[in-house]
Amino acid sequence: MRTYIVGNWKMNFTVGESSIYLHKLLKRIKPARGLQIAIAPSFIALQPLSLQIDRKKLRLVAQNCNAKDFGAYTGETAISQLRGLVDYAIIGHSERRYVFGETDNMIKEKVAACIRNNIAPILCIGETENERTFGETADVLKDQLTSGLADVSREDLEKCIIAYEPVWAISSVKGARPAAPDDIAMSINIIRDHLRSTYGEKIAENIPVLFGGSVNPSNAGAYLTIPGVNGLLIGGASLIADQFNDIIEIAKRVTK
Ligand code: PEP
């Protein structure tokens, strides 16, 4: 299975800054077999960056989308409008769930919209600090997986990517702290077991599971070697080209 290194720029960088960053990154990275590098800039930067990008080195990701393909939805962007620009879309990021109030049902519809438009959804799941304290992690992960993938057919499941992002480990969350590899391993096992028991061994083994939460060049190697982790979703550290590039180099070394 490929290893994914995905940078989520969130609401940062102008179009010009995005372009300069991409220029820098493209000069540094070389295509590496087995490694899929991708960045998720703001919507406004997707079109210009899609003209600048070298798809052998790097792919583009949408940070969100509307679940409908078109219509009277002022201010929204349909995933159908992003066809040809992005290969992936981040769906159900904890900021979408908890800052913008996205429900499991909305997330399920967005995942289905991605599949319908041939764009791979990166479905984010993860427990909050409170849920973890109350011992609810396994239930939360299973529930978010079940509802997020509810409208995906068996044939399409292999187009989906799961990102395990414990909310308490996301660097921009107040009081966040990096997760210990043992904690991540435990949650990855819960996710893998659930995928296996729901869809069978063969399908489950082909669904990539990424980890995200305060990833930086000092912990990326340890996180990437956790069994069952197929890559990283990176927020803060992806905003610094040197750090993102260092993580790419680490991924090349540890996944060889
Ligand atoms: C994220 O928000 O998806 C994320 C992983 O952020 P950070 O790497 O900054 O914790």
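Please treat every number below as a calculation from the coordinates, not as lab data. Quantities reported herein were computed from a predicted structural model and do not represent experimental measurements. For neighbour counting, all protein chains shown are included, and Cβ atoms are generated from backbone atoms with ideal geometry for every residue, glycine included.
Structure values in brief
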item	result
For segment 7-152, the fraction of alpha-carbon pairs in successive 10 Å shells from zero, as %	11, 37, 32, 17, 2
Cα convex hull volume per residue for segment 92-132 (Å³)	65 Å³
Förster radius 41 Å - calculated FRET efficiency between residue 150 and residue 52, Cβ distance, rounded to 0.05	0.65
GNM flexibility winner over the chain from 182, 143, 246 (Cα, springs under 10 Å)	182
Choice from 218, 50, 197 showing the highest fluctuation, given a GNM over the chain with Cα pairs closer than 10 Å	197
Calculated P(r) of segment 73-154 - Cα pairs past 17 Å, %	49 percent
Distribution of pairwise C-alpha distances over segment 143-256, 10 Å bins, in %	13, 43, 32, 12, 0
Segment 201-233 residues near the modelled residue 186 label - backbone nitrogen below 17 Å, point 7 Å along Cα→Cβ	226-227
Cβ-based net charge around residue 18, under 13 Å, with every Lys or Arg adding one and every Asp or Glu removing one	+1
Span-rule helices in the chain, defined as complete DSSP H runs reaching 24 Å or more along the axis (Cα) with Kyte mean at least -1.0	181-199
Over the chain: helical MRE at 222 nm, DSSP H runs n ≥ 4 each giving -39500 (n - 2.57), nearest 500	-12000 deg cm²/dmol
Convex hull volume per residue for segment 3-254, taking Cα atoms only, in Å³	121 Å³
Model label zone, residue 171; criterion: amide N under 15 Å from point 7 Å along Cα-to-beta-carbon; scope segment 11-52	11-13, 40
Positive-end extreme of charge dipole, segment 3-254 - chosen from 88, 117, 14 (charges on Cβ)	14
